[in-house]
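These notes concern the structure reproduced below.
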Amino acid sequence: MKKILILNGPNLNLLGKREPEIYGSQTFEDYFTQLKAQFPSLDLHYYQSNVEGELINKIHEVGFSFDGIILNAGAYTHTSVALGDAIKGITTPVIEVHISNTFGREAFRHQSYISPNAKGVILGFGMKSYELALKALE
């Protein structure tokens, strides 16, 4: 059974409350329960932090033993060289996901320090972006 970590960065703990016109009205915890039911053949794990160093520590922790990481680094996508370096330093494949189409938003969101080291990028499909990433890792 493949072990997959879904790793969410800053402010994603506010899903369901924050800007529902962009991010929807469902909490990630509720969505994660649905994903586990939808993908029973995967051993899914979830971690969220608003702290950059904690995200890096989690990447280091699972980056040599898990079969995949789905990472929504939130705003750190556009600012964190350290997260990009952490992904470059591990062997577990990482898929970068975003709920919104970052290219349809502010110009600073068009830059990603994650993408050059990710296996792939999925964005703009709402919460379904995570499902598409799981299908890519199955």
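Quick check on the stretch 106-138: of everything there that is part of a loop (DSSP other than H, G, I, E, B) and surrounded by fewer than 13 Cβ atoms within 10 Å (Cβ to Cβ), which residue is farthest from the chain's Cα centre (by Cα)?
Among them, the one singled out is 106.
Note on the stretch 88-114: residues that are more than 27 Å from residue 30 (Cα to Cα) and either touching a strand residue (DSSP E or B) at 6+ places or on another chain (Cβ under 6 Å) or aliphatic (A, V, I, L, M) (or both) total 2. Here residue 99 fulfils each of the conditions (1) closer than 20 Å to residue 19 by Cβ; (2) of a type in the set (A, V, I, L, M); (3) surrounded by 15 or more Cβ atoms within 10 Å (Cβ to Cβ); (4) free of Cβ contacts under 8 Å to residues at least 60 places away in the same chain apart from (4).
For the stretch 70-99, filtering for residues that are assigned to a loop (DSSP other than H, G, I, E, B) and either within 20 Å of residue 4 (Cα to Cα) or of a type in the set (Asp, Glu) (or both) leaves 7.
Out of all the residues in the stretch 1-19, which are among the hydrophobic types (A, V, I, L, M, F, W, C), in a helix (DSSP H, G or I) and either in contact with a strand residue (DSSP E or B) (Cβ under 7 Å, 6 or more places away or on another chain) or surrounded by 15 or more Cβ atoms within 10 Å (Cβ to Cβ) (or both)?
Result: 12, single match.
Within the stretch 20-51, how many residues turn out to be open to solvent by less than 70 Å² (accessible area, probe 1.4 Å), at pLDDT below 95 and assigned to a loop (DSSP other than H, G, I, E, B)? Result for the stretch 20-51: 3. Would you check if residue 76 is within 16 Å of residue 130 (Cα to Cα) and of a type in the set (Phe, Trp, Tyr)? No.
The values are calculated or read from the model by the stated rules, or taken from the named source; none is laboratory data. Predicted, not measured: the structure shown is a model, and the values here were computed from it. Every residue, glycine among them, receives a Cβ derived from its backbone with ideal geometry; neighbour counts consider all protein chains shown. Surface areas here come from the heavy atoms of the whole protein model, side chains and all, with no ligands, DNA or RNA. Shrake-Rupley method; radii C 1.70, N 1.55, O 1.52, S 1.80 Å.
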